[in-house]
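*Asks:* First the structure, then my questions, so here it is.
The values are calculated or read from the model by the stated rules, or taken from the named source; none is laboratory data. Given the structure is predicted, the values throughout are model-derived calculations rather than measurements. Because the Cβ atoms are built from the backbone with ideal geometry, glycine has one as well, and the counts that use them run over all protein chains shown.
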Amino acid sequence: MERVERGVFEHSVCRKALDELLDMQSEITDIREAFLSHPFIGTTVEELEDLRFRILESEFNVHIFASEAMYQDTEEHMRRLTELYESVSEGGGNQ
């Protein structure tokens, strides 16, 4: 997860090549799938919510960056990212 988050930050500073963005997109998809199938016994709700937020935020950002690199529409993922941020600000957590 940290590697993808670092990649998102690095891309915001210095644009990455499309193949790197697509690799990041594949990696975050794998992380999301692992998250959905992992038993989290003993993990607090707050920890799970934080991890869910980080995965979604990275997933949306990477998808937006890859779409921009391919000159594709980013509106849907921008909307979903905005909704994610709004849900956190309304709920008072994660940011």
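*Asks:* Hey, among the residues in region 11-43 that are over 22 Å from ARG80 (Cα atoms) and acidic (Asp, Glu), which one's surrounded by the fewest Cβ atoms within 10 Å (Cβ to Cβ)?
*Replies:* Going through the qualifying residues, I end up with ASP19.
*Asks:* Scan region 44-65 and give yes if some residue there is farther than 25 Å from GLY91 by Cα and either surrounded by fewer than 16 Cβ atoms within 10 Å (Cβ to Cβ) or of a type in the set (D, E, K, R) (or both), otherwise no.
*Replies:* Scanning region 44-65 turns up no residue that is farther than 25 Å from GLY91 by Cα and either surrounded by fewer than 16 Cβ atoms within 10 Å (Cβ to Cβ) or of a type in the set (D, E, K, R) (or both).
*Asks:* Out of all the residues in region 15-29, is one or more touching a residue at least 12 places away in the same chain (Cβ under 8 Å) and hydroxyl-bearing (Ser, Thr, Tyr)?
*Replies:* There is at least one residue in region 15-29 that is touching a residue at least 12 places away in the same chain (Cβ under 8 Å) and hydroxyl-bearing (Ser, Thr, Tyr).
*Asks:* Condition first: of a type in the set (Lys, Arg), on the phi < 0 side of the Ramachandran plot and in contact (Cβ under 8 Å) with a residue 24 or more places away in the chain. Can you find one or more residues in region 57-79 that meet it?
*Replies:* Going through region 57-79, the residues of a type in the set (Lys, Arg) turn out to be 79.
With on the phi < 0 side of the Ramachandran plot added as a condition, the list becomes 79.
Pick out the ones that are also in contact (Cβ under 8 Å) with a residue 24 or more places away in the chain and you get none.
No, because not a single residue in region 57-79 is of a type in the set (Lys, Arg), on the phi < 0 side of the Ramachandran plot and in contact (Cβ under 8 Å) with a residue 24 or more places away in the chain.
*Asks:* Just to be sure I understand, how many residues within region 69-79 are surrounded by 15 or more Cβ atoms within 10 Å (Cβ to Cβ) and charged (D, E, K, R)?
*Replies:* Number satisfying all stated conditions: 0.
*Asks:* Output yes when any residue across region 81-95 is modelled with pLDDT under 95, surrounded by 16 or more Cβ atoms within 10 Å (Cβ to Cβ) and of a type in the set (S, T, N, Q), and no when none is.
*Replies:* yes
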